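Below is one structure, written out as structure tokens; comments come after it.
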Amino acid sequence: MSSLPTKYTVGDYLAERLAQIGIRHHFVVPGDYNLVLLDKLQANPNLTEVGCANELNCSLAAEGYARANGVSACVVTFSVGALSAFNGTGSAYAENLPLILISGSPNTNDASQFHLLHHTLGTTDYSYQLEMAKKITCCAVAVARAHEAPRLIDRAIRHALLARKPCYIEIPTNLSGAECVRPGPISAVTDPVTSDKAALEAAASCASEYLSGKLKPVILVGPKLRRAGDGAEQALIKLAEAMGCAVAVQPAAKGMFPEDHKQFVGIFWGTVSTDAADSIVHWADALLCVGTVFTDYSTVGWTAMPDIPLMAAEMDHVTFPGAHFSRVRLGEFLSHLATTVKFNNSTMIEYNRLKPDPVLVRTATPSDELTRKEISRQIQALLDSKTTLFVETGDSWFNGVQLKLPPGALFEIEMAWGHIGWSIPAAFGYALRHPDRKIIVMVGDGSFQVTAQEVSQMVRFNLPITIILINNRGYTIEVEIHDGSYNKIKNWNYALLVQAFNGEDGNAKGLTAKTAGELQDAIKAAEENTKGPTLIECSIDQDDCSRELITWGHFVAAANARPPRLPGI
Ligand code: TPU
Ligand code: MG
């Protein structure tokens, strides 16, 4: 620790706090308002700077890093940078990830001198970025005096860690190098808020009592389970085993309850559920929702919203029919309930009677034209305990959700925000934190075109990520919701593009597969390429899309088209 400064500047202070909360990589795009700050962050021996191709990608890379690391930082310049980074920050908000967005800003003297400045709206009000950031973060602060920086930085970071939401810290260009006091103990920032003991006990006994009066309980797992941290995932397994009931999982929570567990009954996604999970969820007379998120997408255009009263265990509170308990942490609640709840496996007995037989998947012969089903079959064979599978908005959602995750395999999806192109930078950010994992990305042609540049960072950092690009010549998910000429896109030579990112020293491979045999060979080549990313462009027929996407598209289109309700009707 001898290389840490004895005299602190605002930049040093921020750097030390980022390192202390477990950040090892910070994602940046430089600009003159943040250059001194970047120097200060670089000087911290525990932080590695990761440059990105643009601020949208930078924020999405940080979003992916937060999935792997629990918290992340994205550093950008004023307005031209920050306004692009707001998009990934919005994703972090919707997906419950503490991303710390840090922006450089104008010299503190300029506002009072009514100077017009570059990278601004051309007015002399420079508060707009802070005001905008307030809407998409849980805490937004702007440092105006160096001595205020420690208090504001600590406050913003603590809020983000507690709320599992992004925060925003703005630092003027002439304050990053200004002196401030040294940091106090980090526990003041990181210590969790524990459950209120009385509320915790009351919530658990209320839940036990409620469940004991019901005949057919089911647990439904949502994406906030993992975000809650705090051992909540392990506690849920204990609770599920104590209850003995069926456990269904929302698509955005795939993998948060082990798919090889005998109580796992599939992905509950209304009529496009896997393993008939919907039949058992709709049969239940008590639904314990754990970290669930119900949106138009996850409820298939509101057709799958459960119609019994819900018991919702959230990250920091529990709500039952007729009762609410604040300051109850999810992990603690699940563990506590596991010790008081009664065993009732009626929904498992029923599920075992109704569960569908495993589907026999036909293996294509090598010369067969490539199909969506054959791509899924080959990806399925690739999944192992070290795999993290990223699935992008588009038919990749539906294809990915149907795969079976072996023990240890992880699944990442951005279903709440749903930004096409998310998977490429997010997988890049994630891979930096988890170089030991085998990362596979399933992405459509349209999505890839949004953030393709970030493959060049995978090249730069020698990350052996496998990108399965499914080229169906357009925005098929949009076609299934509402078709028009706008859903057609310019075709690219994707394999060649990826090779172009190599410049003079890269190890990326770009391959194409039009037949089952070509895909098999390409996957083998990807596994052999351990020094850089491999993109496999899989060409399939434009009409080759999943039955699930078509069905889901019909219902989402109907929900979108609901006429305005008139008052009183
Ligand atoms: O499998 P497929 O063809 O559906 O996937 P592909 O080719 O990646 O197309 C995705 C099409 C799509 C759009 C244009 N999905 N959602 N959108 C709307 C959209 C627009 N802009 C952003 C940033 N995110 C979106 N989800
Ligand atoms: Mg497409």
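The values are calculated or read from the model by the stated rules, or taken from the named source; none is laboratory data. Note that the structure is predicted; figures quoted are calculated from it, not measured. Please note: Cβ atoms are built from the backbone with ideal geometry, for glycine as well, and neighbour counts cover all protein chains shown. Ligands, DNA and RNA are stripped out before the accessible areas are found, and what is left, the full protein with its side chains, is counted by its heavy atoms. Shrake-Rupley method; radii C 1.70, N 1.55, O 1.52, S 1.80 Å.
Amide H contacts of residue 438: 387, 388, each under 5 Å away and 5 or more positions distant or on a separate chain (H built 1.01 Å from N in the peptide plane; Pro and chain starts excluded).
Hey, if we sort 7, 254 by accessible area with the 1.4 Å probe, largest down, what's the order?
Ranking 7, 254 by accessible area, largest first, yields 7, 254.
The alpha-carbon of residue 7 sits under 22 angstrom from the alpha-carbons of these lysines, leaving out residues fewer than 8 places away in its chain: 40. The HN-Hα couplings worked out from phi for region 489-506 by the Karplus form 6.51 cos²θ - 1.76 cosθ + 1.60 (θ = phi - 60°) are 10, 5, 6, 10, 8, 5, 5, 5, 4, 5, 5, 5, 5, 5, x, 9, 9, x Hz, whole numbers, x standing for Gly and Pro. Provide the FRET efficiency to the nearest 0.05 for the residue 20-residue 360 pair, computing r from the beta carbons and using R0 = 56 Å. Using R0 = 56 Å, I get an efficiency of 0.55. Reported to the nearest whole Å, the Cα centre-to-centre distance from region 312-361 to region 264-282 is 15.
Beyond 17 Å, what share of the Cα-Cα pairs of region 267-380 is found? Please give it as a whole percent. So the pairs more than 17 Å apart make up 69 percent of the total in region 267-380. Entry note, the chain: relative contact order of 13 percent, from Cα contacts under 8 Å with a spacing of 6+ residues. Gain on full extension, evaluated as 0.36 nm per residue between residue 386 and residue 326 minus their Cα-Cα distance, stands at 17.9 nm.
Quick check: from the Cα gyration tensor, does region 29-92 come out rounded (a/c under 1.5), prolate or oblate? Judged from the Cα gyration tensor, region 29-92 comes out oblate (a/c at least 1.5, b/c at or above a/b).
Return the FRET efficiency for the residue pair residue 186, residue 234: r is the Cβ-Cβ distance, R0 is 25 Å, and the value is rounded to the nearest 0.05. After rounding to 0.05, the efficiency reads 0.50. Given a cut-off of 13 Å, what percent of all Cα-Cα pairs of region 222-282 lie beyond it? Tail of the P(r) past 13 Å holds 59 percent of the pairs. In this entry, region 143-214 is assigned a mean projected area of 6.9 nm², taken as a quarter of its C-alpha convex hull surface. In terms of its C-alpha gyration tensor, region 181-293 comes out oblate, because a/c is 1.5 or above while a/b does not outweigh b/c.
Here the relative contact order of region 383-447, from alpha carbon pairs under 8 Å that lie six or more residues apart, stands at 51 percent. Sequentially through region 173-183, phi angles give Karplus couplings (6.51, -1.76, 1.60; θ = phi - 60°) of 4, 8, 10, 4, x, 7, 6, 8, 6, 6, x Hz, Gly and Pro residues having no value and appearing as x.
Hey, any idea what % of the chain's accessible area is carbon plus sulfur with a 1.4 Å probe?
Values: 12450 of 23170 Å².
Roughly 54 percent, rounded to a whole number.
In the context of the full protein assembly, residue 176 retains an accessible surface of approximately 0 Å², using a probe radius of 1.4 Å and ignoring ligands and nucleic acids. Applying the Karplus relation 6.51 cos²θ - 1.76 cosθ + 1.60 with θ = phi - 60° to region 213-221 yields 3J(HN,Hα) values of x, 10, 9, 10, x, 9, 9, 10, 9 Hz, where x marks Gly and Pro. For region 457-528, dividing the convex hull volume of the Cα atoms by the residue count gives 116 Å³ per residue.
Of 307, 521, the order by accessible heavy-atom surface (1.4 Å probe, DNA, RNA and ligands excluded), from most exposed downward, is 307, 521. Separation of region 57-89 and region 209-225, taken as the distance between their Cα centroids, equals 36 angstrom.
In the context of the full set of protein chains, the chain has a per residue accessible area of 41 Å² (1.4 Å probe). Distance between Cα centroids, region 394-460 to region 138-205: provide it in whole Å. About 30 Å separates the Cα centre of region 394-460 from the one of region 138-205. Take the Cβ atoms of residue 145 and residue 196, set R0 to 41 Å, and the FRET efficiency comes out at 0.65. Under the combined filter of DSSP loop state and at most 14 neighbouring Cβ atoms within 10 Å, region 499-532 retains these trypsin sites (Lys or Arg not before Pro): 514, 531. Extension gain for residue 35-residue 343 works out to 104.9 nm (0.36 nm per residue, less the C-alpha to C-alpha distance). Loop-located chymotrypsin sites (Phe, Trp or Tyr not before Pro) in region 97-197 (DSSP state other than H, G, I, E, B) with a sparse environment of at most 15 neighbouring Cβ atoms within 10 Å: 114. Taking every DSSP helix (H) stretch of at least 4 residues in the chain, weighting each as -39,500 (n - 2.57) and dividing the sum by the residue count yields a mean residue ellipticity at 222 nm of -11000 deg cm²/dmol.
The overall shape of the chain, judged from the alpha-carbon gyration tensor, is oblate: a/c is not under 1.5, and a/b is no greater than b/c.
Under the combined filter of DSSP loop state and at most 13 neighbouring Cβ atoms within 10 Å, region 332-438 retains these trypsin sites (Lys or Arg not before Pro): 342, 362, 404. Net length available on complete extension from residue 261 to residue 483 is 75.9 nm, with 0.36 nm assigned per residue and the Cα-Cα distance removed. Listed by chain and number, the lysines placed with their C-alpha closer than 29 angstrom to that of residue 262 are 214, 216, 224, 238, 254, 342, 355, 373, 386, 404, 438; residues fewer than eight positions away on the same chain are left out.
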